[in-house]
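Let me begin by presenting the structure, written as structure tokens, before commenting on it.
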Amino acid sequence: MKTKIRSLIIVAVLVNVSACSTIKNLFPDKEKDYQFTTEIPPLIMPPDLAGDSIANVPAAAPSAEAADVAAVPPTETAPAVDRKLTQVELVDAGEGTKRLRIGAPSAIAWRMVGKALSRKSIEVTNRNQDEGRFDVQYDPNKKEVEDGSVWDEVQFFFKGFEVTEQEYVLKLAENNRQTDVVILDKEQKPVADETSLSLLTLLHDTIKADLAK
């Protein structure tokens with residue numbers, strides 16, 4: 001029995017020694033290698049990069065595109081328009097037609113006309129600022145419900161089915177920092193009827209009242 005135990009102990013010792021050798025082979029000790037290594041030699045700079053040669057390199061000349069951009073003067077801002085001094089008037093356009101003249105550039109007149117159409121609940125079916133054009137449907141006899149009574153609402157509801165609105169084109173054209181508004185029909189011809197004059201008058205009064213605020 002004792003002989004078997006001694007044999008097992010001897011085998012265990014041999015296995016342990018073998019395992020330690022294997023582990024040392026897998027993870028060798030580099031301490032001795034570090035002891036015999038030399039320091040890394042200092043970096044030697046080339047003569048053309050040594051000293052202040054880099055600082056003395058001349059700056060690159062600006063490109064042609066950058067020079068062209070620098071030569072362009074800043075854009076001048078358009079002078080502000082005094083609202084209270086802006087003239088709004090109806091003028092004769094010949095052949096019995098009228099036009100609305102607004103003393104402001106087309107960009108400002110466009111906003112004035114659009115705001116007036118919105119205030120008076122005039123339906124705009126199409127708008128194109130690049131062309132200076134509003135397509136509208138206008139009925140000069142259209143009235144709002146006055147007192148909100150049931151009878152007025154019933155009358156307003158049934159009259160809403162009557163197609164009495166007419167289609168017009170409001171055309172804005174700028175000339176010498178003022179803008180003329182003319183009314184055209186669907187064939188792009190000037191209109192000289194009472195309804196178109198009523199629409200121009202409504203725009204005139206609405207814009208003037210807004211500018212006076």
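A few comments on the model shown:
- Beta carbons closer than 9 Å, at least 6 apart along the sequence or on distinct chains, pair a first residue in the range 115-128 that is in contact (Cβ under 8 Å) with a residue 12 or more places away in the chain and surrounded by 14 or more Cβ atoms within 10 Å (Cβ to Cβ) with a second that is assigned to a strand (DSSP E or B) and of a type in the set (Ser, Thr, Tyr) for ILE122/TYR138.
- Residues that are modelled with pLDDT of 55 or more and farther than 13 Å from THR206 by Cα are absent from the range 66-76.
- Counted residues, the range 89-99 - those being in a strand (DSSP E or B) and exposed (fewer than 14 other Cβ atoms within 10 Å of the Cβ): 4
- In the set (1) at pLDDT 60 or above; (2) more than 36 Å from the chain's Cα centre (by Cα); (3) not in a strand (DSSP E or B), the condition left unmet by LYS84 is number (2).
Let's see how each residue does on (1) surrounded by fewer than 17 Cβ atoms within 10 Å (Cβ to Cβ); (2) over 33 Å from the mean Cα position of the chain (by Cα); (3) not aliphatic (A, V, I, L, M):
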{"position": "GLU165", "(1), (2), (3)": "yes, yes, yes"}
{"position": "ASN175", "(1), (2), (3)": "yes, no, yes"}
{"position": "LEU197", "(1), (2), (3)": "no, yes, no"}
{"position": "THR206", "(1), (2), (3)": "no, no, yes"}
{"position": "ASP210", "(1), (2), (3)": "yes, no, yes"}
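The values are calculated or read from the model by the stated rules, or taken from the named source; none is laboratory data. Treat the numbers as computed from the prediction; the structure is a model and nothing was measured. Cβ: placed from backbone, ideal geometry, glycine included. Neighbour counts: every protein chain shown.
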